[in-house]
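Only one structure is covered here, and it is reproduced in the block below.
Each value in this text was obtained by applying a stated rule to the coordinates, not by laboratory testing. In this text the structure is predicted, and so the values were computed from the model without any measurement. Cβ coordinates were reconstructed from backbone atoms using ideal geometry, including for glycine residues, and neighbour counts include every protein chain displayed.
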Amino acid sequence: RTATNRAKQLGRGRLEIFRPGMEDSGNRLRLETDLSRAIERGELSLRYQPIVSLTSGQIVGFEALVRWQHPEAGWIPSDQLIAIAEETGLIIPIGLWVLQTACQQLCRWQKQFPDLQPLTVSVNVSSKQFIQTDLVAQITQVLQETDLPGNHLKLELTESLLMESESAAIAMLSQLQELGVQILMDDFGTGYSNLARMRNLPTDVVKVDKSLIQSLDAQNLAFVRGIVALAHSLSKTVVVEGIETQEQLAQLREMDCAYGQGYLFSPPVDIAQVENLLSQSPHW
Ligand code: C2E
Ligand code: MG
Ligand code: MG
Ligand code: MG
């Protein structure tokens, strides 16, 4: 009876970890331990969100987004997962797993749908991963192993990451670009967005943060228009994320924004749903 009660208590305590505001250090430790085994236990998976050409209206690629299904607590919010992964250093093996899995998957789709235009896959890279691993060597190896041409891979980096170690970052980004890999500046327009950095860093694509699109009032509209114009003048491509309505889409098309991503087209979906999309080849 006591044993049952204790098990019940443990079980309850465990679920409480995941209630907002209920995170104590013991529970946190447990979550960290569980995350360290998540790859080998097959608890991580990827979702893929289509990126759409706003001129052709067709899917040109996908952003890979990691998901963790905890055996007891269910889906862990990705912000929380990434935060724990970064603090513990687990982002390094997890980041490698994401890279390998996304590149392998894109190769499969390319073979499965040979009539489609070449697709790209975008992978998010966190600052620890960027600083602590030899990313260039790692990516060279993944591209070799998966037989994926470098120009099918895009890396999404945040501005804050690029701010931390600017000269080292520039050297690394240039090496990656030599492999054909495109560099994308994620979450642009939030935090300390810096126009000089947009100009100076070897990046190919600027991704405008969804927070600017969610309230596309006159001011934000002007701001987004400015970012698009500046990016174009620097020969950079623009992707706008977080497009949810036809009205937003129309406004972005009007400013000649090249690519978009958002719930209007599709949320991040699993492999089967991507295959459905690709066989229907929708256009918006
Ligand atoms: P992010 O790279 O800026 O990814 C875009 C986020 O916006 C995704 O959230 C996506 O589901 C969400 N989103 C897409 N379209 C819409 C829309 O129309 N409306 C709204 N409200 N949201 C939309 P998610 O998947 O929860 O990821 C959150 C963040 O976690 C990502 O932001 C990225 O910074 C990080 N992340 C996710 N996967 C990875 C990964 O494999 N590695 C690393 N380092 N970070 C990752
Ligand atoms: Mg991203
Ligand atoms: Mg983003
Ligand atoms: Mg973001």
Q | Rel. contact order, % - alpha carbon contacts under 8 angstrom, at least six apart, the chain | A | 18 percent
Q) Looking only at R197, R30, R225, which one moves most when the chain is put into a Gaussian network model with springs between Cα atoms under 10 Å? A) R30
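In which sequence would S122, S281 go, from the one with the fewest C-beta neighbours within 10 Å to the one with the most?
S281, S122
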Q: For each pair in K128/K154; K111/K236; K154/K210, compute the distance between the two Cα atoms and list the pairs where it is over 26 Å.
A: K111/K236
Q) What angle, in degrees between 0 and 90 and rounded to the nearest 10, separates the Cα long axis of helix 78-88 from the longest principal axis of the Cα atoms of the chain? A) 70 degrees
Q | Long-range amide H partners of H70 with built H, under 5 Å | A | W75, I76
Q.
Apply the Karplus curve 6.51 cos²θ - 1.76 cosθ + 1.60, θ = phi - 60°, to the phi angles in region 243-254 and return the couplings in whole Hz, x for Gly and Pro.
A. 6, 10, 10, 4, 5, 4, 4, 4, 5, 6, 5, 5
**Q.** Degrees separating the helix 271-280 axis from the principal Cα axis of the chain, which is the longest one
**A.** 30 degrees
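Pull up the DSSP beta bridges for the chain and report the antiparallel fraction as a percent, rounded to 5.
40 percent
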Q: Only helical DSSP H runs with n ≥ 4 go in: add -39500 (n - 2.57) per run for the chain, normalise by residue count and round the 222 nm mean residue ellipticity to 500 deg cm²/dmol.
A: -15000 deg cm²/dmol
Q) Quick one: Karplus J couplings for region 141-146, per residue in order, coefficients 6.51, -1.76, 1.60, θ = phi - 60°, nearest Hz, x for Gly and Pro? A) 5, 4, 5, 5, 4, 8
